[in-house]
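**Student:** So that we are looking at the same thing, I have put the structure below in structure tokens.
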2 protein chains.
Amino acid sequence: MSSTFVEPVLAGDRRAVARLITYVENQHPKVQAVLSELYPHTGRAHLIGVTGSPGTGKSSLVNKLVKQVRAAQDKSVAVIAVDPTSPFTGGAILGDRVRMRELSGDPQVFIRSMASRGNLGGLARAVDDVIKVLDAAGFELIFIETVGAGQSEVEIAKTAHTVIVVEAPGLGDDVQAIKAGILEIADIFVVNKADRPGVERTVAALQTMLQLGHASAKRVLHHGQLLSVSDGPAATEDLSGWQIPVLKTAALKAEGIEAVVEAIDRHRAHLHQSGELLDRTRTRLIDELKSSLQAELVQRLLAKLPPDYLTRLTARLVEREVSPYAAVQEMLVAYWPGVESKK
Amino acid sequence: MSSTFVEPVLAGDRRAVARLITYVENQHPKVQAVLSELYPHTGRAHLIGVTGSPGTGKSSLVNKLVKQVRAAQDKSVAVIAVDPTSPFTGGAILGDRVRMRELSGDPQVFIRSMASRGNLGGLARAVDDVIKVLDAAGFELIFIETVGAGQSEVEIAKTAHTVIVVEAPGLGDDVQAIKAGILEIADIFVVNKADRPGVERTVAALQTMLQLGHASAKRVLHHGQLLSVSDGPAATEDLSGWQIPVLKTAALKAEGIEAVVEAIDRHRAHLHQSGELLDRTRTRLIDELKSSLQAELVQRLLAKLPPDYLTRLTARLVEREVSPYAAVQEMLVAYWPGVESKK
């Protein structure tokens with residue numbers, strides 16, 4: 001499979017890219033060998049995560065950003081629209097069609113929707129792998145747009161180099177919106193639908209939150225699994241010295257788009273100059289290593305179990321004869337001997 | 001630790017319950033032994049997941065449901081408010097205080113907020129363990145309220161016996177809200193804030209979606225990790241024969257609450273009669289077994305690595321000398337010999 005894909009993907013062949021992504025999504029057993037060959041050629045793309053609550057107009061914003069980047073900078077751009085929800089609502093497909101109409105015909109733009117077909121960890125891993133494919137294929141900017149507003153979407157978006165959090169008027173003054181908890185990961189805030197009433201109130205709410213020191217606590221989220229609150233300076237700067245902007249756009253009218261593209265460029269330059277880029281790359285790779293390790297270990301253990309083992313164990317769990325924790329200990333003693341617990 | 005906790009928790013001692021939950025949250029190494037002792041006494045509580053987009057008024061609704069259950073049925077009730085976001089926005093704490101005022105003084109009500117302090121998998125596992133504690137302590141109804149609207153919140157909520165999805169006017173007619181993808185897991189829909197304009201439109205949108213057959217595809221999500229679309233009958237019934245109701249409430253005015261409590265009771269009876277309860281319990285326990293296995297395997301492997309192994313490996317990853325996938329294979333060969341891959 002490597003011979004079929006490695007050279008064409010590295011040459012930027014769109015059909016090879018699209019087909020390899022399909023293999024990634026289907027978890028084809030040979031895909032990891034191809035990705036390992038592509039790996040030395042990755043690490044060049046700038047990854048831009050875009051997230052925010054439903055209804056903020058993220059997709060329209062991303063479309064306009066892509067058009068602006070293409071018009072002003074002539075860089076090649078890929079978009080991964082991650083919809084970690086059911087495939088049968090049709091949202092992803094609808095979104096794709098709208099997009100295709102607006103951006104089709106440009107060979108330097110590649111768009112792909114990814115819907116969850118399994119568990120969350122699987123989707124995050126697949127997104128990581130699709131990023132590798134697009135990166136190796138030479139796309140200079142890769143937007144990773146996540147549809148929801150929950151923890152999983154945050155997890156996916158925060159692995160990007162630059163994280164854009166999109167808000168809209170009418171959400172920002174609600175405690176619930178603050179609770180949605182995507183504020184701490186933002187490098188750039190965009191208040192979209194800025195032609196609607198209440199926009200100044202939303203902007204003011206975001207700026208107040210930044211000044212309350214939330215931004216300074218942010219890097220703790222980025223750089224470790226354990227989240228802790230740091231007593232940083234009360235400023236709109238994060239710990240690496242980046243001044244987090246709050247920008248207004250009206251994506252449907254194409255207003256305010258240039259300023260967002262400019263902020264992305266400034267943030268990219270900042271990441272390079274401050275050394276922050278290396279930190280984020282490192283965090284990203286360690287996370288990826290751990291989830292890959294998890295998947296591999298579980299797969300190998302499950303392969304050792306007799307065919308009806310899980311069925312019988314489940315019956316005992318249902319009867320409350322054994323707890324899940326105790327069942328795991330028992331399973332490891334029986335089917336992975338020599339693996340002593342360190343507890 | 002078992003002697004300190006097992007008897008008091010089984011007797012329903014609130015202070016013991018609260019302290020044990022804190023140990024669960026802090027991942028105290030001895031907590032699993034206590035949970036294993038409690039496990040035979042679990043499985044009696046009815047678990048009710050409540051989820052929906054930010055701003056739909058889930059917390060107010062849950063408060064009113066608790067009050068209604070207490071007034072009408074005299075059952076003991078626990079609420080786990082899961083906020084899988086940053087602890088420093090203060091949302092969880094604020095929510096708790098509002099609740100304490102409204103429900104305090106009733107010894108048969110127990111409320112606990114849980115915020116994510118680690119990764120998502122960690123939170124889901126902690127919620128599972130807290131449910132065990134509350135179940136063993138004899139709480140008859142346990143509400144699991146999740147704040148966000150993303151995949152992770154869905155994952156947590158869908159392990160419940162009865163899943164309530166909360167919408168509000170002004171969200172339901174938006175494609176984005178449909179994309180948020182929490183519709184397929186609902187056993188009961190509640191359109192809250194029904195005193196606001198647009199409520200009939202939201203109700204109609206939900207009913208149309210149900211009739212389009214989304215509901216019939218639902219059980220596929222519930223009963224397996226791989227999601228598939230089934231060609232069920234175009235009806236508002238799920239595959240087990242449950243008629244999914246769309247109810248209207250105005251939680252702040254305490255309107256429509258009785259009908260929701262009644263629907264929960266009907267669904268509970270349906271789960272017992274149809275055999276669906278056993279299916280859901282089985283799915284829940286298998287999921288729990290797998291995540292427990294994952295955590296245990298990774299922990300054991302990491303304990304075998306030399307102190308600076310991960311640092312050196314990360315440097316090679318950053319230099320793109322080795323891919324995460326290849327690194328995992330290398331790690332397993334070096335530090336877990338005899339564990340052959342089945343690929």
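Each reported figure results from applying straightforward, stated rules to the coordinates on display, with no laboratory input. Since the structure is predicted, the reported quantities are computational estimates derived from the model, not experimental observations. Here the Cβ is made from the backbone with ideal geometry for all residues, glycine too, and neighbour counts use every protein chain on show.
**Student:** Long-range amide H contacts for residue A:255: which residues qualify at under 5 Å (H placed 1.01 Å from N, peptide plane, sequence gap of 5 or more or a different chain)?
**Tutor:** A:250
**Student:** One decimal, nm, shortest first: give the distances between the label point of residue A:43 and those of the same position in the other copies, each label point 7 Å from Cα along Cα→Cβ.
**Tutor:** 5.3
**Student:** At 0.36 nm per residue, and after removing the present C-alpha to C-alpha distance, how many nm does the segment from residue B:71 to residue B:304 gain when stretched out fully?
**Tutor:** 78.3 nm
**Student:** Let me ask another. Compute the FRET efficiency between residue A:14 and residue B:19 as 1/(1 + (r/R0)^6), taking r as their Cβ-Cβ distance and R0 = 56 Å, and round to the nearest 0.05.
**Tutor:** The computed FRET efficiency comes out at 0.40.
**Student:** Right, something else. Given H placed 1.01 Å from N in the peptide plane, which residues other than close sequence neighbours of residue B:50 have an amide H under 5 Å from its amide H?
**Tutor:** B:144, B:145, B:146, B:164
**Student:** Label residue A:208 and residue B:196 with points 7 Å out from Cα along Cα→Cβ: what is the distance between them in nm?
**Tutor:** 2.0 nm
**Student:** Also, I was wondering about something else. Mind sorting A:125, B:14 by how few other Cβ atoms lie within 10 Å of their own Cβ, fewest first?
**Tutor:** Ranked by crowding around the Cβ, least crowded first: B:14, A:125.
**Student:** Please arrange B:248, A:304, A:64 by how many other C-beta atoms lie within 10 Å of their C-beta, fewest to most.
**Tutor:** Least crowded to most crowded, the residues run A:304, B:248, A:64.
**Student:** If you put a point 7 Å past Cα along the Cβ direction, how far is that point for residue B:312 from the same point in each other copy, in nm, smallest first?
**Tutor:** Between copies, matching label points for residue B:312 lie 4.3 nm apart.
**Student:** If neighbour count is taken as other Cβ atoms inside 10 Å, put A:3, B:113 in order from fewest to most.
**Tutor:** Details: A:3 9, B:113 19.
Starting with the residue having the fewest Cβ neighbours, the order is A:3, B:113.
**Student:** Still on this model: Where the label is 7 Å out from Cα toward Cβ, how close does residue B:255 come to the same position in every other copy, in nm, shortest first?
**Tutor:** Relative to the other copies, residue B:255 has label-point distances of 3.6 nm.
**Student:** Continuing with this model, one more query. Quick one: what are the phi-derived ³J(HN,Hα) couplings along segment A:322-330, Karplus 6.51/-1.76/1.60 with θ = phi - 60°, whole Hz, x for glycine and proline?
**Tutor:** Along segment A:322-330, the couplings run 9, 8, x, 5, 5, 5, 5, 4, 4 Hz.
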